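Worksheet: one structure, shown below.
The values are calculated or read from the model by the stated rules, or taken from the named source; none is laboratory data. Small disclaimer: the values here were computed from a predicted structure and weren't measured. Neighbour counts are summed over all protein chains in view; Cβ atoms, including those assigned to glycine, are modelled from backbone coordinates with ideal geometry. In case anyone asks, the SASA skips ligands and DNA or RNA and just uses the protein heavy atoms, side chains included. Shrake-Rupley method; radii C 1.70, N 1.55, O 1.52, S 1.80 Å.
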Amino acid sequence: MDWLDPLADLAVACYWRFQPLWDRMHLPAKRDSSTGYGQIFAATAIKDINYAHDAGIRALPVSAPLDTQTSMKKIWRKLHRDRRFNIQCVALCLLHAAAEMTGTTDFSALLPEELQLVFTRYNADTKKITPYGKETYGYYQTFQGGSL
């Protein structure tokens, strides 16, 4: 997170709070932002929940499938306010990223480069490892080793 994240969240919260007025006045609107512990967008969480539903993952945090247009407000608010839901969506996002980037969701079978691709995909829409993916892999290794 950085200092702009609370401002982005405020812009989204204001839009959803005053949506009818906002839309009637044709004001520019921010309908989504990365939010909560996992800094996840509602549109991303919706895609990940739908992926999990289609993949037969039973432990979904909300019923699926979801439509992005009609679910955005509900999902963004839940991500923003509910820490548990936010972290559940992070897990689904990582599963979706693993399936997309490597063809498997078995993290124990992934090579270091594949894990870096998965972590990269969590943060960016790219097919090559980024500094974020490398840095996150370093944290992953630390937690895997049980030392901080």
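Listed values, structure above:
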{"quantity": "Top-ranked residue in region 32-59 [being of a type in the set (D, E, K, R) and under 18 Å from Asp82 (Cα atoms); ranked as most open to solvent (accessible area, probe 1.4 Å)]", "calculated": "Asp32"}
{"quantity": "Region 1-15 residues that are in contact (Cβ under 8 Å) with a residue 60 or more places away in the chain and open to solvent by less than 20 Å² (accessible area, probe 1.4 Å), paired with ones that are of a type in the set (Phe, Trp, Tyr) and in a helix (DSSP H, G or I) (beta carbon under 8 Å, 6 or more apart)", "calculated": "Val12/Trp76"}
{"quantity": "Qualifying helices (runs of 4 or more DSSP H) (wholly inside region 65-148; at least 2 residues being of a type in the set (A, V, I, L, M) and within 15 Å of the chain's Cα centre (by Cα))", "calculated": "68-81, 83-102"}
{"quantity": "Any hit, region 57-71, residues being over 19 Å from Ala124 (Cβ atoms), out of contact with any Leu (no Cβ under 8 Å at 6 or more places or on another chain) and among the basic types (Lys, Arg)", "calculated": "yes"}
{"quantity": "Complete set of residues in region 103-143 that are in contact (Cβ under 8 Å) with a residue 12 or more places away in the chain, open to solvent by less than 40 Å² (accessible area, probe 1.4 Å) and out of contact with any Gly (no Cβ under 6 Å at 6 or more places or on another chain)", "calculated": "Leu110, Leu115, Leu117, Val118, Gly133, Thr136, Tyr137"}
{"quantity": "Members of region 17-35 found to be hydrophobic (A, V, I, L, M, F, W, C), outside any helix (DSSP H, G or I) and modelled with pLDDT of 90 or more, listed by number", "calculated": "Phe18, Met25"}
